[in-house]
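Let me begin by presenting the structure, written as structure tokens, before commenting on it.
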Amino acid sequence: MYRIVVAHYVFSALCLVALATLLLFSTGDLFGNYFSPHLLAITHLAALGWGTSVIFGACYQLIPVVFETKLFSTKLPWIGFVMLAAGVILLASSFWRFDVGTYMQLAGALIVTAIVLFNATVMLTARQNKKAAAIYQEFISTACIWLFATALLGLLLVLNFRYIFLPKDHLHFLKLHAHMGIAGWFLLLIIGVSSKLIPMFLASRKQNEKLLNWSYYLINAALLAFLVDGYINGINYKTFAIAAAAVAGLVFYAIYIVQCFRSRLKKKIELPITNTLISYGLLAAAVLILPLIIYFHLQNDGRAVLYSNVYGFLIFIGWISSLILGQAFKTLPFIVWTRKYEDLAGRVKTPLPAELYSHSLLKVQTAAYTLFCACFFIGMLLQNSWLTLAGLICLLITSLTYIGNIFVLLSHKSARLK
Amino acid sequence: MKDFDINNPDVFLQIEIQENLRTVIDPELHVNIIDLGLVYEIEASQDNKHIAVLMTMSSRYCPMSEAILNSVRNCLEENYRGYSVEVNLTWEPPWSYELISEEGLKQLGR
């Protein structure tokens with residue numbers, strides 16, 4: 001199990017370095033339409049290679065804990081990993097060259113199969129637990145269904161490039177595809193996992209699960225409404241109300257998290273948790289931009305495209321990335337620690353999981369990432385290419401320090417402390 | 001944790017075990033399991049050469065449960081060679097923050 005988890009973390013870190021590098025070569029695309037080969041390649045590298053891959057890895061470790069049973073299989077995750085990695089590399093390279101032929105179709109098929117295998121592992125593991133499912137489990141299971149739906153629509157879009165069969169235009173479906181992925185997969189999964197892990201990391205006294213129930217139903221209802229109404233009518237004035245329902249769901253989750261922080265027994269906020277707080281700020285910024293996108297879209301104002309790009313970057317390179325950049329150093333050290341010290345702990349003095357990675361590198365990473373956010377997003381809004389370029393250089397530094405620290409952690413040798 | 005019975009001839013062994021278990025640290029909270037209130041009962045018998053620990057975890061979903069239980073087992077096997085060691089996990093009564101000692105709260109920064 002250790003190797004499969006580590007494989008996902010390493011592949012994900014490599015994808016971050018790759019996407020940070022590719023972004024440096026795509027500065028010309030940043031202010032144009034998001035339906036550009038380079039931006040599509042980078043978005044899929046971010047969503048699947050960087051985000052989904054690390055989530056899969058962490059899930060293989062955490063799902064047995066959340067579902068209180070052993071993982072159904074260890075073979076399926078390995079087959080899924082190979083398919084996901086191959087699929088992501090093929091898909092990103094096909095988008096970059098905009099070769100919509102066999103390779104892109106093969107990539108789509110590989111990714112959908114990898115997701116089916118992941119979902120099968122999660123569902124079959126969940127089925128082994130006969131107890132009533134807690135809300136965290138509902139979030140995770142529903143997120144898996146949305147991920148499959150997102151990938152399936154993605155595959156249909158890829159096939160539609162060659163054999164035009166979809167009844168409406170590509171951009172129309174792209175909005176639905178993107179939001180199934182963002183709200184259905186990432187948001188639900190992150191809420192499900194974080195609402196269990198964050199109070200555990202902070203030793204929070206208060207965990208009001210009723211808030212999470214509201215959050216679950218509001219976000220799912222909003223997403224379903226967006227898909228149905230969005231498919232039939234496209235973006236319209238009702239979209240404001242749908243977005244408001246999703247935001248209300250987020251507010252319930254935010255209240256839950258604030259209560260966890262306020263009732264925490266562990267006073268000191270560690271650097272990985274600081275990254276998590278930054279991620280919530282970036283998510284809030286993305287949510288604030290949503291009404292502007294809808295408004296400018298309805299006015300046929302070109303700013304809708306610019307704000308859509310900022311929104312996409314805030315979601316993928318902002319919220320999701322910041323969360324991973326922090327939480328990787330809350331999850332992976334425990335996985336490595338268990339592997340290296342499970343037999344030694346209790347017999348001799350051993351280091352703590354938080355002592356297995358470089359805190360100096362994490363400080364540099366957090367500083368570089370904060371600078372990236374400041375330069376890049378302000379640069380995007382002001383359409384200043386120098387500021388965005390400075391931001392992207394900071395993102396590359398962030399990615400290099402992150403992967404460096406991952407290797408520091410993985411190459412840790414067991415040591416008995418005196 | 002329950003009070004020790006001063007009339008029990010094994011009470012000093014039980015107290016010694018409790019002190020030894022203070023070396024087992026919760027890897028996330030950085031506080032030992034005794035001050036966290038995770039250990040509910042320590043039974044020890046010098047005659048039978050047997051130690052039984054009944055303990056809980058701060059959360060049912062704690063990813064480190066197995067590692068903490070192993071650490072307790074390792075600690076007892078290392079310090080009490082020749083004894084049979086039994087470490088049992090219970091969820092009754094559920095752990096709550098009120099079980100953290102003054103010292104534990106201090107270590108958490110409270």
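The values are calculated or read from the model by the stated rules, or taken from the named source; none is laboratory data. As the structure is a prediction and not an experimental result, all values here were calculated from the model. For neighbour counting, all protein chains shown are included, and Cβ atoms are generated from backbone atoms with ideal geometry for every residue, glycine included. When the accessible area is computed, the model is the full protein with side chains, heavy atoms only, and any ligands, DNA or RNA have been set aside. Shrake-Rupley method; radii C 1.70, N 1.55, O 1.52, S 1.80 Å.
Ignoring ligands, DNA and RNA, please state the percent of accessible area on region B:11-96 from carbon and sulfur, probe 1.4 Å.
46 percent
What whole-number value in Å² describes the accessible area per residue of region B:11-96 for a 1.4 Å probe? Numbers along the way, then the final one.
Details: 3510 Å² over 86 residues.
With all protein chains present, region B:11-96 gives 41 Å² per residue.
Averaged over peptide B:64-75, how many Cβ atoms belonging to another chain are found within 10 Å of each residue's Cβ?
Details: counts 7, 1, 4, 9, 2, 1, 7, 8, 2, 3, 8, 4.
Taking all residues of B:64-75 together, the mean is 5.
Starting from the 7 Å offset along Cα-to-Cβ, what nm value, one decimal, do you get for the label separation of A:Ser385 and A:Ile232?
About 4.5 nm separates the two model spin labels.
Which whole number gives the average, over all residues in A:203-210, of C-beta atoms from other chains lying within 10 Å of the residue C-beta?
Average neighbour count from other chains, rounded to a whole number: 2.
With an 8 Å Cα cut-off and a minimum separation of 6 or more residues, compute the relative contact order for region A:80-176 in percent.
31 percent
Given charges of +1 on the Cβ of Lys and Arg and -1 on the Cβ of Asp and Glu, with all other atoms neutral, how large is the dipole of region A:1-131 about its Cα centre, in debye to the nearest 20?
That gives region A:1-131 a dipole magnitude of about 600 debye.
Please report, in whole Å, how far the alpha carbons of region A:1-131 spread along each principal axis, starting with the longest.
In descending order, the Cα extents are 53, 27, 24 Å.
Give the distance, in whole Å, between the Cα centre of region A:179-242 and the Cα centre of region A:90-160.
Measuring centre to centre over Cα atoms gives 19 Å.
To the nearest 100 Å², how much accessible surface do chains A and B hide from each other in total, with a 1.4 Å probe?
Details: alone 18070 and 6710 Å², together 22150 Å².
Interface area, both chains combined: 2600 Å², rounded to the nearest 100.
Calculate the radius of gyration of the Cα atoms of the protein assembly as shown to one decimal place, then report Dmax, the largest Cα-Cα distance, as a whole number, both in Å.
Rg and Dmax of the protein assembly as shown, Cα atoms, are 24.9, 86 Å.
Provide a list, ordered by number, of residues in region B:6-47 showing at least 30 Å² less accessible area with every protein chain present than when their chain is taken on its own, using a 1.4 Å probe.
B:Pro27, B:Glu28, B:Leu29, B:His30
Give the carbon-plus-sulfur fraction of the accessible surface of chain A in %, rounded to a whole number; probe 1.4 Å, heavy atoms of protein chains only.
Answer for chain A is 68 percent, counting heavy atoms of protein chains only.
How far is helix A:102-128 tilted off the main Cα axis of chain A, in degrees rounded to 10, range 0 to 90?
Taking Cα atoms only, the helix is inclined about 50 degrees.
Of the beta bridges DSSP finds with both residues in the protein assembly as shown, what % are antiparallel, to the nearest 5?
If we restrict to bridges inside the protein assembly as shown, about 55 percent are antiparallel.
Under a point-charge model restricted to the Cβ atoms of Lys and Arg (+1) and Asp and Glu (-1), what is the dipole moment magnitude of the protein assembly as shown relative to its Cα centre, in debye to the nearest 20?
With only Lys, Arg, Asp and Glu charged at Cβ, the dipole is about 960 debye.
Going by a ≥ b ≥ c, the root eigenvalues of the Cα gyration tensor, does region A:104-221 fall in the rounded group (a/c under 1.5), the prolate group (a/b larger than b/c) or the oblate group?
It comes out prolate by the Cα gyration axes.
About the Cα centre of chain B, what is the dipole size in debye to 20, counting +1 per Lys and Arg Cβ and -1 per Asp and Glu Cβ, all else neutral?
260 debye
Hey, if you drop one equal point scatterer on each alpha-carbon of region B:11-96 and run the Debye formula without solvent, what base-10 log of I(q)/I(0) do you get at q = 0.20, 0.21 Å⁻¹?
Result of the Debye calculation: -0.88, -0.97.
Output the residues of region A:315-354 meeting this criterion: accessible area (heavy atoms, 1.4 Å probe) in the chain alone minus accessible area with all protein chains in place is 40 Å² or greater.
Hits at the 40 Å² cut-off: A:Phe334, A:Trp337, A:Glu342, A:Gly346, A:Arg347, A:Leu352.
Counting heavy atoms of the protein chains only and a 1.4 Å probe, report the per residue accessible area for region A:55-105 as a whole number of Å². Provide the component values of the computation, followed by the final result.
Values: 2200 Å² over 51 residues.
That works out to 43 Å² for each residue.
Compute the FRET efficiency between A:Arg3 and A:Glu68 as 1/(1 + (r/R0)^6), taking r as their Cβ-Cβ distance and R0 = 22 Å, and round to the nearest 0.05. The partial results should precede the final answer.
Details: r = 24 Å, r/R0 = 1.07.
Plugging the Cβ-Cβ distance into 1/(1 + (r/R0)^6) gives 0.40.
In percent, what relative contact order does chain A have, based on Cα pairs under 8 Å that are 6 or more apart in sequence? Mind dumping the intermediate values first?
On the way: 542 pairs, mean separation 67.6, N = 418.
RCO, chain A: 16 percent.
Pick out, from A:Tyr357, A:Gly230, A:Gly281, the residue whose Cα sits farthest towards the positive end of the charge dipole of chain A, with +1 on the Cβ of Lys and Arg and -1 on the Cβ of Asp and Glu.
It is A:Tyr357.
In nm, to one decimal, how far is the modelled label at B:Asn48 from the one at A:Tyr103, with both set 7 Å along Cα→Cβ?
In this crude label model, B:Asn48 to A:Tyr103 measures out at 7.0 nm.
Go ahead and collect, in residue order, the members of region A:107-126 whose backbone nitrogen is under 20 Å from a label point 7 Å along the Cα-Cβ direction of A:Glu209.
A:123, A:125-126
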